[in-house]
1. Of the residues E22, E48, which is under 30 Å from K174 (Cα atoms) and of a type in the set (D, E)?
2. Taking L213 as the residue in question, decide whether it is of a type in the set (A, V, I, L, M, F, W, C), under 17 Å from I270 (Cβ atoms) and surrounded by fewer than 23 Cβ atoms within 10 Å (Cβ to Cβ).
3. So which of L71, L14 ends up being within 18 Å of the chain's Cα centre (by Cα) and part of a helix (DSSP H, G or I)?
4. Just one of V153, V167 is in contact with a Phe, Trp or Tyr (Cβ under 6 Å, 6 or more places away or on another chain) and in contact (Cβ under 8 Å) with a residue 60 or more places away in the chain; which is it?
5. Scanning for something touching a Lys or Arg at 6+ places or on another chain (Cβ under 8 Å) and either modelled with pLDDT of 95 or more or surrounded by fewer than 17 Cβ atoms within 10 Å (Cβ to Cβ) (or both), does region 165-188 turn up at least one residue?
6. Tell me the residue from I208, I263 that is under 24 Å from S191 (Cβ atoms), surrounded by fewer than 18 Cβ atoms within 10 Å (Cβ to Cβ) and at pLDDT 75 or above, please.
7. Taking region 196-205, which residues are touching a residue at least 60 places away in the same chain (Cβ under 8 Å) and either crowded, with 19+ Cβ neighbours inside 10 Å or assigned to a helix (DSSP H, G or I) (or both)?
8. Taking F35, is it aromatic (F, W, Y) and surrounded by 16 or more Cβ atoms within 10 Å (Cβ to Cβ)?
Amino acid sequence: MMSKGKELWRAIKLFLLYSIIETVITGFAGIPIVFHGLMMHMSREAIEERVLQSNYYKLSDCIACLLIIILFINNRYVKMSLERMGRIARMKRTTLWTSIGIAAMISVGCVLSSVSFWEIIGSCESLFPEDMEELDRVYGAASKGILGILAGVILAPITEEIIFRGVVLRSMLKMRWHPWVAIPLSALIFSFIHGTTYQTIDILPFGIIVGWLYWRTKSLLPGIVIHIANNFIAFVPPQFVESNDDDTEVSMKVWIIMFGISIALMAYGINWYRKKTQPQYKGISLGESQNYPKE
C-alpha cells in the first residue's frame, strides 16, 4: 500500500495537473479576446463577460474538461471501469437505474432546500448583493448556448467529481483519515474553489452529501448524476424564463413547506443509499482502508 506521504504527493500532483490543463487551455482561448478588449479600452467586467460569451472560449472549456476526463480515466488516476465502480455497479440492472433516479431526486432536494433556505433567512440578493451580481454576470454568460450547457451542465460536473471525490476525497480516505474529517474537508475545498462567499456557504452541504455517497458506494456515479442534475436545474430553465420585476411575493409558509419537502427528499434518498450499501465487513472502523476495493 502507498505510504501517506506518497499518497498526499500523488493527490497534489493530480490536482495541479487538473488546474494547469484547465488554466492553460481556457487561458490561451481567452487571450485574443482580452487583448482586443484592452485595445478598445473596455472595462474588466465587460472583457470578462465577452470572454465568457465567446463560443471559442466555451469550446476550449469543453476541450479542457474532455482532456482531463480522458487523461485521468485512461491513466487510471481514478477508477471508472464497471468492475471497479463499487457496490452500485454490482447491483442488479433495475436497482442500478433506481439508484440513478434516487440520485436525481437528491439533486432536486439540494436545489429546493438551497433556494428555500436562503428565502427563509433572507434573499441571496440582500445578503450577498455583490456575489449574486457576479454570479448572474458570469454564469449567465457562460451557460448560454449548446457549448455552454455541454461544458457547465455535463462536462464540468464529471470533471469536478473526478477531481474532488475521485482524487481529493479518495486520497484522504486512503490515508486513513476518518470519513467525517475527510468528507467535510474535501467538501470545503470543493466549495471554496468556486470563489464567492455565497457559493462557499451554499455548496458546502452539497459537497458533503456527494462525498458521503462516494464513501458509501465507492462509486463516482451517484455524485456525477446529482451534480449534472443540479447544474441542469440551476442553469438551463432560467434561460427560458423571462425575468419579471413584478414577481408575486411568495409567503414564508410556502418557503418553509418547500424546505421541509426538500429535506425529506434528501433524507429518503440518503437513507435508501445507506440501506443498499451496508458495510460488507462489520466491526471495521469507519476510517479503515479495508473498506476500499483492492488496487
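1. Details: E48 fails: under 30 Å from K174 (Cα atoms).
Exactly one residue qualifies, and that residue is E22.
2. no
3. L14
4. Details: V167 fails: in contact with a Phe, Trp or Tyr (Cβ under 6 Å, 6 or more places away or on another chain).
Result: V153 is the single residue among V153, V167 that is in contact with a Phe, Trp or Tyr (Cβ under 6 Å, 6 or more places away or on another chain) and in contact (Cβ under 8 Å) with a residue 60 or more places away in the chain.
5. The answer is yes, given that some residue of region 165-188 is touching a Lys or Arg at 6+ places or on another chain (Cβ under 8 Å) and either modelled with pLDDT of 95 or more or surrounded by fewer than 17 Cβ atoms within 10 Å (Cβ to Cβ) (or both).
6. I263
7. T197, Y198, Q199, D202, P205 - these are the residues of region 196-205 that are touching a residue at least 60 places away in the same chain (Cβ under 8 Å) and either crowded, with 19+ Cβ neighbours inside 10 Å or assigned to a helix (DSSP H, G or I) (or both).
8. Here the answer is no, as F35 does not meet what is asked.
The values are calculated or read from the model by the stated rules, or taken from the named source; none is laboratory data. Remember, it's a predicted structure, so these values are computed and weren't measured experimentally. As a convention, Cβ positions derive from the backbone with ideal geometry for all residues, glycine included, and neighbour counts pool all protein chains shown.
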